[in-house]
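Structure first, then comments.
Where a number appears in this text, it was derived from the coordinates with a stated rule and is not lab data. Quantities reported herein were computed from a predicted structural model and do not represent experimental measurements. Because the Cβ atoms are built from the backbone with ideal geometry, glycine has one as well, and the counts that use them run over all protein chains shown.
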Amino acid sequence: MNPFALFADRVRAAVTALAAESGVAGALDLSKIAVEPPREEAHGDLAVNAAMVLARDFKAKPRELAERLAKKLGELPDVKKVEVAGPGFINISLDPAFWLRVLGAIIDTGADFGRAAIGKGERVNVEYVSANPTGPMHVGHGRGAVFGDALANLLAFAGYDVTREYYVNDAGAQVDVLARSAFLRYREALGDKIGEIPEGLYPGDYLIPVGKALAEQHGRDLLQKPDEVWLPVVRAAAIDAMMDMIRDDLESLAIRHDVFFSERSLSSGAVDKVAATIEDLRKAGHIYEGRLPPPKGAPVEDWEDREQTLFRATDFGDDVDRPLMKSDGSYTYFAADIAYHRDKIERGFTTLIDVWGADHGGYVKRMSAAVAALGGGKVTLDVKLCQLVRLLRAGEPVKMSKRAGDFVTLREVVDEVGKDPVRFMMLFRKNDATLDFDLAKVIEQSRENPVFYVQYAHARAKSVLRNMAEALPGLDLSPSGLRSAPVERLTDEGELRMVKRLAQWPRLVEQAAAAHEPHRIAFFLHELASEFHTHWNRGNDLPYLRFIMPDDSILTLARAALVHGVAAVLASGLAILGVRAPEEMR
């Protein structure tokens with residue numbers, strides 16, 4: 001049950017009827033009509049913009065059209081009052097009985113309350129993490145991992161067919177550096193004195209086990225081989241070990257991908273997919289041989305003063321055309337990325353979502369241009385940038401990790417504070433805003449700690465229901481019993497405010513999914529938890545508002561339906577975020 005969608009349909013029907021009565025010619029664009037919660041509670045339950053967006057079609061002033069439309073809306077079922085405000089906004093107040101029907105919908109659908117169908121089974125590829133397999137994941141990777149995973153959960157809940165993908169950057173210079181770093185640890189495992197790790201190699205202790213494994217498998221044999229022989233062997237072993245470590249780190253956050261796509265596979269298989277992609281783009285007129293003008297202002301990383309193979313990125317909104325081949329004849333990273341996104345499109349995805357670190361912001365335009373060329377306007381790309389995470393402990397910056405060498409690993413953070421605080425707090429701020437993550441604050445049991453505050457609300461709701469069963473053993477708290485509860489007895493403003501908040505959940509899910517913004521779920525849960533805790537505290541001061549009324553089992557049952565609704569929506573939202581909904585907390 002989505003009250004806002006329901007009334008949007010009713011408003012559109014009223015507008016259509018009014019247009020027929022008024023002799024309005026031509027089709028009306030009813031998609032512009034919005035029915036939303038008003039910004040201020042005093043303005044009623046629903047705010048309608050129909051008169052503002054359709055006044056020109058009716059050849060009337062917005063206020064005049066609003067007055068005429070208000071009369072029709074006042075005749076709708078469940079409408080208590082209609083008022084016209086300002087230049088032509090319409091505010092509607094509904095009968096409380098309408099809102100209370102939401103509790104019945106929650107009891108009937110349980111965990112599926114709020115599940116949407118706006119996705120209509122559309123295939124969506126969400127690519128996230130995609131950290132280079134050169135070491136353990138750091139906290140910044142963790143933010144992208146949690147964001148991407150929660151977004152995938154949200155989209156699936158909204159009716160999309162979601163594939164979770166990790167792009168393994170196992171080609172290029174960085175994995176050769178990894179291999180040389182692992183080879184050094186291999187020599188160390190054989191007893192050689194390696195001294196200080198040379199600059200340019202990875203210094204972390206995480207490669208020591210890789211070196212030991214190579215020594216156990218190959219003995220001293222690799223030492224006798226030339227680089228072109230041992231390098232592929234060590235590189236493959238090191239990448240496998242790093243990916244095992246990364247998967248284990250992700251598993252600590254309950255993150256699992258459906259697909260791990262190898263960059264190397266693009267050009268090492270039976271078909272060179274990068275070459276094939278360039279050739280197809282050339283046939284379509286999107287590739288040419290030419291020279292790039294010198295960059296203005298700051299130097300451009302991929303600029304070379306020579307004739308080269310260029311993608312016409314400027315035809316699709318980029319600032320400059322982009323090279324696809326290096327001077328040594330190898331492909332640029334961009335060429336491989338185009339081929340990778342072409343592969344996604346060929347697999348049938350019509351929406352591509354890439355979750356990147358903030359340092360990739362300058363890459364968005366060119367990738368968007370490439371997808372526009374590849375998809376012919378039928379495929380959308382949405383790049384979500386995750387800003388930096390500042391890791392603190394009681395307000396002080398956290399020192400670097402001995403294990404990683406130059407950063408704090410994600411696994412160290414998860415092991416210290418747990419999965420739930422990491423996941424919730426990574427989502428309790430919009431992805432494009434810098435996040436301060438305080439290791440001390442996220443485990444505090446206080447209202448200042450959002451994850452505790454929300455989880456405690458769920459645990460408190462479950463505790464209330466258990467206490468109801470103990471205090472009133474004859475009370476039927478089964479779904480059928482709650483369905484028969486006299487919810488019309490919920491008349492207090494705090495109770496009705498919670499019910500109205502619950503009624504916003506289906507709309508919130510649809511909006512968050514459409515915007516690709518899972519942080520909206522975290523914000524909503526915090527607001528719902530705040531209203532629940534506030535009402536609990538009111539009951540401490542005003543005994544007649546307490547959830548359990550030993551002398552009035554009927555009222556207690558009605559309040560049980562409300563508490564059940566709060567618990568159900570909290571659990572549903574926490575599941576989308578990948579956070580536990582505990583039954584009790586101590």
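The mean sequence distance of close C-alpha pairs (under 8 Å, at least 6 residues apart), as a share of the length of the stretch 173-251, puts its relative contact order at 39 percent. The packing ranking of peptides 538-547, 377-386, highest mean first, is 377-386, 538-547, where packing means the average number of other beta carbon atoms within 10 angstrom of each residue. Structural descriptor for the stretch 255-341: relative contact order 25 percent, calculated from alpha carbon pairs under 8 angstrom and at least 6 residues apart. Each Lys and Arg adds +1 at its Cβ and each Asp and Glu adds -1 at its Cβ; summed about the Cα centre, the chain shows a dipole of about 1060 debye. Dimensions of the stretch 428-507 along the principal axes, based on C-alpha atoms and rounded to the nearest Å, stand at 50, 31, 22, largest first. Close amide H contacts of residue 158 (hydrogens built in the peptide plane, cut-off under 5 Å, sequence separation of 5 or more or a different chain): 116.
Sequence-distant contacts, meaning Cα pairs under 8 Å at least 6 residues apart, place the relative contact order of the chain at 16 percent. The lysines within cross-link reach of residue 59, meaning a Cα-to-Cα straight distance under 27 Å and a gap of 8 or more places when in the same chain, are 32, 71, 72, 81.
Along its first, second and third principal axes, ordered by size, the chain spans 86, 65, 41 Å in Cα coordinates. Along its three principal directions, the equivalent ellipsoid of the stretch 260-393 from the Cα gyration tensor extends over semi-axes of 23, 21, 16 Å, largest first. With the convex hull drawn around the C-alpha atoms of the stretch 173-251, the volume per residue stands at 92 Å³. Once you reduce the stretch 377-395 and the stretch 58-115 to the center of their Cα atoms, the two points are 37 Å from each other. Between residue 483 and residue 59, the modelled label-to-label distance comes to 5.3 nm, taking each label 7 Å out from Cα in the direction of the beta carbon. Listed from fewest to most Cβ neighbours within 10 Å, the set 496, 65, 490 follows the order 496, 490, 65. What lysines could a cross-link reach from residue 193, if we take a straight Cα to Cα line under 28 Å and drop same-chain neighbours fewer than 8 places away? Leaving aside lysines fewer than 8 places away in the same chain, those within reach of residue 193 are 212, 225, 402. Near the amide H of residue 49, within less than 5 Å, lie the amide hydrogens of 34, all on another chain or at least 5 residues away, with H placed in the peptide plane. Compared with the alpha-carbon gap, the fully stretched path from residue 388 to residue 260 is longer by 43.6 nm at 0.36 nm per residue. Close amide H partners of residue 438, meaning residues 5 or more places away or on another chain with modelled amide H under 5 Å apart, are 392. Which lysines does residue 365 reach when only Cα atoms under 18 Å apart count, and residues fewer than 8 places away in its own chain are ignored? Within the straight-line cut-off, residue 365 pairs with 296, 378, 384.
For the stretch 561-571, 3J(HN,Hα) computed residue by residue from phi via the Karplus equation (6.51, -1.76, 1.60; θ = phi - 60°) reads 4, 5, 4, 4, x, 4, 4, 5, 6, 4, 5 Hz, glycine and proline entered as x. Our estimate of slack between residue 445 and residue 305, defined as 0.36 nm per intervening residue step minus the Cα-Cα distance, is 44.4 nm. Longest exposed-loop-site-free stretch of the chain, with GluC sites (Glu not before Pro), DSSP loop and at most 15 other Cβ within 10 Å? Free of exposed loop sites, the longest segment is 308-443. For the stretch 450-577, the alpha carbon convex hull comes to 101 Å³ per residue, rounded to a whole number.
The alpha carbon gyration tensor of the stretch 345-500 gives principal lengths a ≥ b ≥ c with a/c of 1.5 or higher and a/b no greater than b/c, which makes the shape oblate. In order along the stretch 345-354, the Karplus-derived 3J(HN,Hα) couplings, from 6.51 cos²θ - 1.76 cosθ + 1.60 at θ = phi - 60°, round to 5, 5, 7, x, 7, 9, 10, 10, 10, 10 Hz, and Gly and Pro are given as x. Take the Kirkwood radius over Cα pairs of the stretch 1-142, plug it into Stokes-Einstein at 20 °C and 1.002 mPa s, and you get 119 µm²/s for translational diffusion. Our coupling estimate for the stretch 58-67, obtained by passing each phi through the Karplus curve with A = 6.51, B = -1.76, C = 1.60 and θ = phi - 60°, is 8, 6, 9, 6, x, 5, 5, 5, 4, 4 Hz, Gly and Pro reported as x.
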